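Here the structure is laid out as structure tokens; the discussion comes afterwards.
The values are calculated or read from the model by the stated rules, or taken from the named source; none is laboratory data. Here the structure is a predicted model, which means the values were calculated and not measured. Here the Cβ is made from the backbone with ideal geometry for all residues, glycine too, and neighbour counts use every protein chain on show.
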Amino acid sequence: MFHLKTHIKICATDTCCSTTPCSSAELFSSTLKLIAAAQCCLTDDFVSDEIKDKDCFDFIIVGGGTSGNVLANRLSEVKGWNVLLLEAGPKPPIFGSIPQLSRNLARTKYDWNYVTENNHRTSQALKTGQVTWVRGKLLGGSSVTNAGFYVKGLKPDYQRWADEGNPSWTPKNIFKYERKAESLQNEALKNNPLIGKNYGSNGQQVLNRYNTTRIPVHNLILDSWDSIGIKQVEDTNSEVYNNRGYCSPAVFTAADGIRYDTYRSYLLPADKRNNLKIVTEAFVSKILVDENKKAYGVEVTINGTKIQLFVSKEVILAAGAVNSPHLLLLSGIGPKNELESKNVSCVVDLPAVGRNLQDHLRIIVPIYGDRSQYDNRNERKCAPENVRLPFWLRDLPTAILAV
Ligand SMILES: Cc1cc2nc3c(=O)[nH]c(=O)nc-3n(C[C@H](O)[C@H](O)[C@H](O)COP(=O)(O)OP(=O)(O)OC[C@H]3O[C@@H](n4cnc5c(N)ncnc54)[C@H](O)[C@@H]3O)c2cc1C
């Protein structure tokens, strides 16, 4: 049996939890090679559109991120509708499309650079007790800066939403639209009768697995998870495995070595439509609401000038889990007493705005192996000295890093 000892308090010198997957020299040289080889397929001719004060559209979408880009594409399929997409950040840089490199967008101008408050309970291994909370600020939003795992929602959650009064969110309906959105590229998964039927193949969201080479130590770690009930399965998105367990490699929003965020999957294919305008570096600071409590436009700052834009149908808020409620509050939509305590006059008293945030945990866990166990099993090639360790772990000869 392979013994594991976990140790959670790891980085007391910085507020950053991120690790680098290989040596910097290796990362640098492979990056140069990739960029040189891939320039042609990664560049695009996107240019921000021009708009002027008091322009009117059928729909204004606030936030050109993960969901905003999907909406911009779908709504502008209807030729008679004029759609405007407003994004606070710029278009993504080339390296946003390169797996592993896109994580370097964190804490740059492509990130909102949020940190959490110290709650004196969690993240106390970090000096400030504050966690860096990456939120993409660019076309594609957090779909450019995220890890790219394609993880489907669970049936019981959708059923609950339907039961709570949202009939179009039944699992059956969601499944239909998931399949419509998906374009699974992986032949092995497609041809597996238990898995292939769970995915669509003609949608716009490209999906595949990365080519992965497992070093022996990976198998040891996965076997140890298996022994504590976290089972290795072919595909965690497939019902046959009850959506539980761990699969390696997983399904990603990527193919052919390129990340397919929603900028690449949804926005670029719609960019040339005459009825879609996309404006970058456009920060929306207010939703305009009339006396009947109906949104009729937005206030937005572009190139340092604040203008007003109007809608005939809807303002759609797709600014993410932090900024959407923030913008509602700035517009006077939220809990009355809290708004008034900040001298914001209340337009609509909605106590739930800014509540019920849910997020997933991320814990970095160094794993220490007992070297005699490797020797006993005659698996010296798996011993940690053959594993490339991050520099700060090289003094700890038995340490292996897992995330
Ligand atoms: C580090 C990290 C890793 C993750 N890994 C995964 C993963 O592997 N798999 C997965 O499924 N999910 C992952 N997620 C979660 C996933 O990325 C998010 O849930 C999803 O991208 C949120 O989409 P969204 O459309 O709600 O917001 P976003 O994609 O963040 O889009 C919001 C957009 O609105 C813009 N905006 C905000 N305010 C304004 C304003 N006032 N005016 C104009 N524009 C504005 C922002 O700049 C942004 O572009 C990860 C998230 C992070 C941060």
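Listed values, structure above:
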item: The lone exception for Val131 - which of (1) within 16 Å of the ligand (Cβ to nearest atom); (2) within 21 Å of Thr253 (Cβ to Cβ) it fails; result: (2)
item: Residues (charged (D, E, K, R), in a loop (DSSP other than H, G, I, E, B) and within 14 Å of the ligand (Cβ to nearest atom)) located in the stretch 276-313; result: Glu281
item: Scope the stretch 164-185; condition hydroxyl-bearing (Ser, Thr, Tyr) and closer than 30 Å to Asp256 by Cβ; matching residues; result: Tyr177, Ser183
item: Test: residue in the stretch 247-266 that is more than 23 Å from Val144 (Cα to Cα) and touching a Phe, Trp or Tyr at 6+ places or on another chain (Cβ under 9 Å); result: no
item: Criterion violated by Leu138 - all others in (1) among the aliphatic types (A, V, I, L, M); (2) more than 19 Å from the chain's Cα centre (by Cα); (3) within 30 Å of Phe59 (Cα to Cα) satisfied; result: (2)
item: Lone unmet requirement of (1) of a type in the set (A, V, I, L, M, F, W, C); (2) in contact with a strand residue (DSSP E or B) (Cβ under 9 Å, 6 or more places away or on another chain); (3) more than 30 Å from Ile221 (Cα to Cα) for Leu357; result: (2)
item: Criterion violated by Asn242 - all others in (1) surrounded by 19 or more Cβ atoms within 10 Å (Cβ to Cβ); (2) free of Cβ contacts under 8 Å to residues at least 40 places away in the same chain satisfied; result: (1)
item: Residue count for the stretch 84-102, restricted to those that are within 11 Å of the ligand (Cβ to nearest atom) and surrounded by fewer than 19 Cβ atoms within 10 Å (Cβ to Cβ); result: 1
item: Residue within the stretch 320-327 that is surrounded by 15 or more Cβ atoms within 10 Å (Cβ to Cβ) and assigned to a loop (DSSP other than H, G, I, E, B) present; result: no
item: Criterion (over 20 Å from the mean Cα position of the chain (by Cα) and farther than 23 Å from Asn69 by Cα) met by exactly one of Val298, Val240; result: Val240
item: Failed condition for Tyr199, given (1) aromatic (Phe, Trp, Tyr); (2) within 16 Å of the ligand (Cβ to nearest atom); (3) surrounded by fewer than 18 Cβ atoms within 10 Å (Cβ to Cβ); result: (3)
item: Residue pairs meeting the criteria (Cβ under 9 Å; at least 6 apart or on separate chains; first on the phi > 0 side of the Ramachandran plot and buried (at least 16 other Cβ atoms within 10 Å of the Cβ), in the stretch 278-291; second outside any strand (DSSP E or B) and of a type in the set (S, T, N, Q)); result: Glu281/Ser48; Glu281/Asn303
item: Output for the stretch 146-188, where each listed residue is away from the ligand (no atom under 15 Å from the Cβ) and either of a type in the set (Lys, Arg) or under 30 Å from Ala106 (Cβ atoms) (or both); result: Lys155, Arg160, Lys172, Lys176, Arg179, Lys180, Ser183, Leu184, Gln185, Asn186
item: From Thr108, Thr43, Thr116, residue being exposed (fewer than 14 other Cβ atoms within 10 Å of the Cβ), of a type in the set (Val, Ile, Thr) and within 15 Å of the ligand (Cβ to nearest atom); result: Thr108
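Residues checked against (1) under 25 Å from Gln204 (Cβ atoms); (2) at pLDDT 85 or above; (3) not assigned by TED's automatic domain parsing to the domain that holds Glu187:
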{"position": "Pro216", "(1), (2), (3)": "no, no, no"}
{"position": "Asp223", "(1), (2), (3)": "no, yes, no"}
{"position": "Lys231", "(1), (2), (3)": "no, yes, no"}
{"position": "Glu234", "(1), (2), (3)": "yes, yes, no"}
{"position": "Asn242", "(1), (2), (3)": "no, no, no"}
{"position": "Gly245", "(1), (2), (3)": "no, no, no"}
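Residues are listed down the side, and each one gets a yes or a no for (1) in contact with a helix residue (DSSP H, G or I) (Cβ under 9 Å, 6 or more places away or on another chain); (2) over 30 Å from Thr253 (Cα atoms); (3) assigned by TED's automatic domain parsing to the domain that holds Phe57; (4) among the aliphatic types (A, V, I, L, M):
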| site | (1), (2), (3), (4) |
| --- | --- |
| Asp271 | no, no, yes, no |
| Val279 | no, no, yes, yes |
| Asn303 | no, yes, yes, no |
| Ser312 | no, yes, yes, no |
